[in-house]
Amino acid sequence: MLNIVLFGPPGAGKGTQSQMLIEKFKLIHLSTGDILRNEIKNKTTLGLQAKELMDNGKLIPDDVVINMIKSILEKNVNSTGFIFDGFPRTQEQALSLDQLLKHQNTSISAMVSLKVDDKELIKRLLSRGKDSGRADDQSTEIIANRIEEYNNKTAPLKLYYKNQSKLHEISGLGSIDEITIRLNSVINSL
Ligand code: ATP
Ligand code: MG
(Lines give C-alpha, C1' and ligand atoms only; values in the text may rest on other atoms or scores of the structure.)
(Ligands and ions follow the chains in the order given, each with its own letter.)
Protein backbone atom coordinates (compact mmCIF):
# COMPACT_ATOMS: atom_id res chain seq x y z
CA MET A 1 0.00 0.00 0.00
CA LEU A 2 1.01 3.57 -0.64
CA ASN A 3 0.09 5.66 2.39
CA ILE A 4 0.95 9.33 2.11
CA VAL A 5 0.58 11.99 4.79
CA LEU A 6 0.06 15.26 2.94
CA PHE A 7 1.13 17.88 5.42
CA GLY A 8 1.29 21.65 5.81
CA PRO A 9 -0.35 24.65 7.47
CA PRO A 10 -3.97 25.69 6.78
CA GLY A 11 -4.20 26.97 3.23
CA ALA A 12 -1.08 25.14 2.06
CA GLY A 13 -3.05 23.44 -0.73
CA LYS A 14 -3.44 19.95 0.71
CA GLY A 15 -7.00 19.50 -0.53
CA THR A 16 -6.19 20.73 -4.04
CA GLN A 17 -3.16 18.50 -4.45
CA SER A 18 -5.00 15.49 -2.95
CA GLN A 19 -7.42 15.53 -5.90
CA MET A 20 -4.52 14.99 -8.29
CA LEU A 21 -2.90 12.28 -6.16
CA ILE A 22 -6.04 10.18 -5.75
CA GLU A 23 -6.45 9.99 -9.53
CA LYS A 24 -2.87 9.37 -10.45
CA PHE A 25 -2.04 6.86 -7.73
CA LYS A 26 -5.56 5.44 -7.14
CA LEU A 27 -5.61 6.36 -3.48
CA ILE A 28 -8.47 6.97 -1.09
CA HIS A 29 -8.66 10.59 0.05
CA LEU A 30 -9.08 10.85 3.79
CA SER A 31 -9.61 14.48 4.83
CA THR A 32 -10.67 14.87 8.45
CA GLY A 33 -11.68 18.50 7.75
CA ASP A 34 -14.02 17.40 4.92
CA ILE A 35 -15.49 14.59 7.04
CA LEU A 36 -16.12 16.96 9.95
CA ARG A 37 -17.70 19.60 7.69
CA ASN A 38 -20.00 16.90 6.33
CA GLU A 39 -21.01 15.90 9.87
CA ILE A 40 -21.82 19.55 10.60
CA LYS A 41 -23.86 19.85 7.41
CA ASN A 42 -25.86 16.75 8.38
CA LYS A 43 -26.29 18.02 11.95
CA THR A 44 -25.07 14.76 13.49
CA THR A 45 -24.13 14.57 17.19
CA LEU A 46 -20.48 14.60 16.21
CA GLY A 47 -21.03 17.61 13.95
CA LEU A 48 -22.82 19.55 16.65
CA GLN A 49 -19.95 18.87 19.06
CA ALA A 50 -17.28 19.86 16.54
CA LYS A 51 -18.84 23.02 15.12
CA GLU A 52 -17.83 25.58 17.73
CA LEU A 53 -14.22 24.40 17.93
CA MET A 54 -13.88 24.30 14.15
CA ASP A 55 -15.49 27.69 13.60
CA ASN A 56 -12.95 29.18 16.00
CA GLY A 57 -9.96 27.48 14.41
CA LYS A 58 -9.30 25.11 17.31
CA LEU A 59 -8.50 21.41 17.00
CA ILE A 60 -11.14 18.74 17.65
CA PRO A 61 -10.29 16.28 20.49
CA ASP A 62 -7.93 13.48 19.47
CA ASP A 63 -10.26 10.59 20.41
CA VAL A 64 -12.99 11.95 18.11
CA VAL A 65 -10.83 12.18 15.00
CA ILE A 66 -8.96 8.95 15.76
CA ASN A 67 -12.26 7.03 15.94
CA MET A 68 -13.37 8.55 12.64
CA ILE A 69 -10.17 7.42 10.92
CA LYS A 70 -10.31 4.00 12.56
CA SER A 71 -13.74 3.20 11.18
CA ILE A 72 -12.79 4.31 7.65
CA LEU A 73 -9.57 2.27 7.68
CA GLU A 74 -11.49 -0.79 8.82
CA LYS A 75 -13.90 -0.42 5.91
CA ASN A 76 -11.11 -0.23 3.31
CA VAL A 77 -8.68 -3.02 4.18
CA ASN A 78 -8.05 -3.98 0.56
CA SER A 79 -7.35 -0.56 -0.93
CA THR A 80 -4.24 0.54 -2.88
CA GLY A 81 -3.52 3.13 -0.22
CA PHE A 82 -4.56 6.37 1.40
CA ILE A 83 -3.80 10.01 1.25
CA PHE A 84 -4.11 11.48 4.72
CA ASP A 85 -5.05 15.18 4.43
CA GLY A 86 -5.30 17.11 7.70
CA PHE A 87 -4.50 14.05 9.80
CA PRO A 88 -2.49 13.40 11.94
CA ARG A 89 -2.42 16.83 13.58
CA THR A 90 -1.01 15.90 17.01
CA GLN A 91 1.55 13.47 18.40
CA GLU A 92 -1.25 11.31 19.81
CA GLN A 93 -2.96 11.11 16.42
CA ALA A 94 0.32 10.12 14.76
CA LEU A 95 0.94 7.34 17.29
CA SER A 96 -2.61 6.01 16.89
CA LEU A 97 -2.36 6.09 13.11
CA ASP A 98 0.82 4.01 13.22
CA GLN A 99 -0.91 1.48 15.45
CA LEU A 100 -4.00 1.28 13.26
CA LEU A 101 -1.91 0.75 10.13
CA LYS A 102 0.27 -1.83 11.85
CA HIS A 103 -2.89 -3.77 12.63
CA GLN A 104 -3.46 -4.00 8.89
CA ASN A 105 0.16 -4.96 8.24
CA THR A 106 0.96 -1.68 6.57
CA SER A 107 2.56 1.68 7.47
CA ILE A 108 3.04 5.29 6.39
CA SER A 109 5.17 5.42 3.23
CA ALA A 110 6.05 9.11 3.44
CA MET A 111 5.07 12.52 4.72
CA VAL A 112 5.14 15.25 2.10
CA SER A 113 5.11 18.67 3.70
CA LEU A 114 4.11 21.77 1.75
CA LYS A 115 5.98 24.88 2.80
CA VAL A 116 4.13 28.22 2.50
CA ASP A 117 4.81 31.46 4.40
CA ASP A 118 2.16 32.96 6.73
CA LYS A 119 1.52 36.02 4.58
CA GLU A 120 0.60 33.87 1.57
CA LEU A 121 -1.53 31.52 3.75
CA ILE A 122 -3.60 34.40 5.12
CA LYS A 123 -4.09 35.79 1.62
CA ARG A 124 -5.24 32.41 0.26
CA LEU A 125 -7.61 31.64 3.14
CA LEU A 126 -9.31 35.07 3.10
CA SER A 127 -9.77 34.76 -0.64
CA ARG A 128 -11.18 31.22 -0.33
CA GLY A 129 -13.50 32.47 2.43
CA LYS A 130 -15.34 34.67 -0.05
CA ASP A 131 -16.89 31.67 -1.80
CA SER A 132 -16.31 28.75 0.59
CA GLY A 133 -18.57 30.32 3.20
CA ARG A 134 -16.37 28.57 5.79
CA ALA A 135 -16.62 30.37 9.14
CA ASP A 136 -12.94 29.62 9.82
CA ASP A 137 -11.88 31.37 6.60
CA GLN A 138 -13.60 34.66 7.38
CA SER A 139 -11.38 36.64 9.75
CA THR A 140 -7.66 37.18 10.21
CA GLU A 141 -8.17 36.50 13.91
CA ILE A 142 -9.53 32.97 13.39
CA ILE A 143 -6.95 32.28 10.70
CA ALA A 144 -4.28 33.34 13.21
CA ASN A 145 -5.74 30.80 15.70
CA ARG A 146 -5.43 28.07 13.09
CA ILE A 147 -1.85 28.97 12.27
CA GLU A 148 -1.04 29.04 15.99
CA GLU A 149 -2.60 25.60 16.56
CA TYR A 150 -0.58 24.36 13.60
CA ASN A 151 2.70 25.78 14.89
CA ASN A 152 2.18 24.53 18.46
CA LYS A 153 0.63 21.10 18.00
CA THR A 154 0.99 20.01 14.40
CA ALA A 155 4.29 21.26 12.96
CA PRO A 156 6.32 19.22 15.52
CA LEU A 157 5.10 16.07 13.71
CA LYS A 158 7.64 16.80 10.98
CA LEU A 159 10.29 15.70 13.43
CA TYR A 160 8.36 12.51 14.22
CA TYR A 161 8.50 11.48 10.54
CA LYS A 162 11.98 12.90 9.96
CA ASN A 163 13.29 10.58 12.67
CA GLN A 164 11.90 7.69 10.62
CA SER A 165 13.45 9.11 7.41
CA LYS A 166 9.98 9.68 5.98
CA LEU A 167 9.89 13.47 5.76
CA HIS A 168 9.97 15.20 2.35
CA GLU A 169 9.59 18.97 2.28
CA ILE A 170 8.66 20.82 -0.89
CA SER A 171 7.71 24.40 -1.68
CA GLY A 172 3.97 25.01 -1.80
CA LEU A 173 4.45 28.26 -3.73
CA GLY A 174 3.89 28.60 -7.46
CA SER A 175 1.15 27.32 -9.74
CA ILE A 176 -0.97 24.27 -8.88
CA ASP A 177 0.71 22.37 -11.73
CA GLU A 178 4.21 23.26 -10.56
CA ILE A 179 3.44 21.94 -7.08
CA THR A 180 1.87 18.79 -8.57
CA ILE A 181 5.11 18.12 -10.46
CA ARG A 182 7.14 18.46 -7.24
CA LEU A 183 4.79 16.11 -5.40
CA ASN A 184 4.82 13.53 -8.17
CA SER A 185 8.58 13.44 -8.26
CA VAL A 186 8.75 12.81 -4.51
CA ILE A 187 6.23 9.97 -4.69
CA ASN A 188 7.83 8.43 -7.76
CA SER A 189 11.15 8.36 -5.92
CA LEU A 190 9.82 6.35 -2.97
P1 ATP B 1 -6.45 23.40 4.01
O2 ATP B 1 -4.96 23.24 3.99
O3 ATP B 1 -7.14 22.34 3.23
O4 ATP B 1 -6.89 24.76 3.61
P5 ATP B 1 -7.10 23.38 6.92
O6 ATP B 1 -6.00 22.62 7.52
O7 ATP B 1 -7.25 24.77 7.37
O8 ATP B 1 -7.11 23.26 5.40
P9 ATP B 1 -9.09 21.38 7.47
O10 ATP B 1 -8.07 20.32 7.38
O11 ATP B 1 -10.25 21.31 6.60
O12 ATP B 1 -8.51 22.81 7.22
O13 ATP B 1 -9.55 21.48 9.00
C14 ATP B 1 -10.49 22.42 9.43
C15 ATP B 1 -10.72 22.27 10.93
O16 ATP B 1 -11.20 20.95 11.20
C17 ATP B 1 -9.51 22.44 11.83
O18 ATP B 1 -9.22 23.78 12.12
C19 ATP B 1 -9.98 21.64 13.07
O20 ATP B 1 -10.90 22.36 13.84
C21 ATP B 1 -10.73 20.47 12.46
N22 ATP B 1 -9.84 19.30 12.21
C23 ATP B 1 -9.60 18.73 10.99
N24 ATP B 1 -8.76 17.70 11.10
C25 ATP B 1 -8.45 17.60 12.44
C26 ATP B 1 -7.62 16.75 13.19
N27 ATP B 1 -6.90 15.77 12.61
N28 ATP B 1 -7.54 16.94 14.54
C29 ATP B 1 -8.24 17.90 15.13
N30 ATP B 1 -9.04 18.75 14.48
C31 ATP B 1 -9.16 18.62 13.14
MG1 MG C 1 -8.41 21.00 3.41
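When Gly57, Gly11 are checked against the criterion of being among the small types (Gly, Ala, Ser) and within 12 Å of ligand 2 (Cβ to nearest atom), a single residue qualifies: Gly11. Please work out if Tyr161 is part of a helix (DSSP H, G or I), of a type in the set (Phe, Trp, Tyr) and in contact with a strand residue (DSSP E or B) (Cβ under 7 Å, 6 or more places away or on another chain). Spelling it out, Tyr161 is indeed part of a helix (DSSP H, G or I), of a type in the set (Phe, Trp, Tyr) and in contact with a strand residue (DSSP E or B) (Cβ under 7 Å, 6 or more places away or on another chain). Within segment 102-134, no residue satisfies the criterion of being charged (D, E, K, R) and at positive phi. Among the residues of segment 6-19, those that are part of a helix (DSSP H, G or I) and either of a type in the set (Lys, Arg) or under 23 Å from Ile147 (Cβ atoms) (or both) comprise Lys14, Gly15, Thr16, Gln17, Ser18. Within segment 106-123, is even one residue without any contact (Cβ under 8 Å) to a residue 12 or more places away in the chain and of a type outside the set (D, E, K, R)? No: zero hits.
When you look at Arg146, is it more than 19 Å from Asn3 (Cβ to Cβ), near ligand 1 (Cβ under 10 Å from one of its atoms) and either among the β-branched types (Val, Ile, Thr) or at pLDDT 95 or above (or both), yes or no?
Answer is yes for this residue.
Counting only residues that are within 9 Å of ligand 1 (Cβ to nearest atom) and not charged (D, E, K, R), how many does segment 117-131 have?
Qualifying residue count, segment 117-131: 2.
Let's see how each residue does on (1) of a type in the set (A, V, I, L, M, F, W, C); (2) in contact with a strand residue (DSSP E or B) (Cβ under 8 Å, 6 or more places away or on another chain); (3) closer than 22 Å to Leu157 by Cα; (4) surrounded by 15 or more Cβ atoms within 10 Å (Cβ to Cβ):
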{"position": "Phe7", "(1), (2), (3), (4)": "yes, yes, yes, yes"}
{"position": "Ala12", "(1), (2), (3), (4)": "yes, yes, yes, yes"}
{"position": "Ser18", "(1), (2), (3), (4)": "no, yes, yes, yes"}
{"position": "His29", "(1), (2), (3), (4)": "no, yes, yes, yes"}
{"position": "Glu39", "(1), (2), (3), (4)": "no, no, no, yes"}
{"position": "Leu46", "(1), (2), (3), (4)": "yes, no, no, yes"}
{"position": "Asp55", "(1), (2), (3), (4)": "no, no, no, no"}
{"position": "Pro61", "(1), (2), (3), (4)": "no, no, yes, no"}
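Condition check ((1) more than 9 Å from ligand 1 (Cβ to nearest atom); (2) in contact (Cβ under 8 Å) with a residue 12 or more places away in the chain; (3) over 23 Å from Arg128 (Cβ atoms)) across all residues:
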{"site": "Gly11", "(1), (2), (3)": "no, yes, no"}
{"site": "Gln19", "(1), (2), (3)": "yes, no, no"}
{"site": "Phe25", "(1), (2), (3)": "yes, yes, yes"}
{"site": "Ile28", "(1), (2), (3)": "yes, yes, yes"}
{"site": "Gly33", "(1), (2), (3)": "no, yes, no"}
{"site": "Glu39", "(1), (2), (3)": "yes, no, no"}
{"site": "Thr44", "(1), (2), (3)": "yes, no, yes"}
{"site": "Gln49", "(1), (2), (3)": "yes, yes, yes"}
{"site": "Val64", "(1), (2), (3)": "no, yes, yes"}
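Between Ile143, Ile170, the distinction of being touching a Leu at 6+ places or on another chain (Cβ under 6 Å) and over 23 Å from Met68 (Cα atoms) belongs to Ile143 only.
The values are calculated or read from the model by the stated rules, or taken from the named source; none is laboratory data. Bear in mind that the values here come from a model prediction, so they are computed numbers and not experimental data. When we count neighbours, we look across all protein chains shown, and the Cβ atoms used for this are built from the backbone with ideal geometry, even at glycine.
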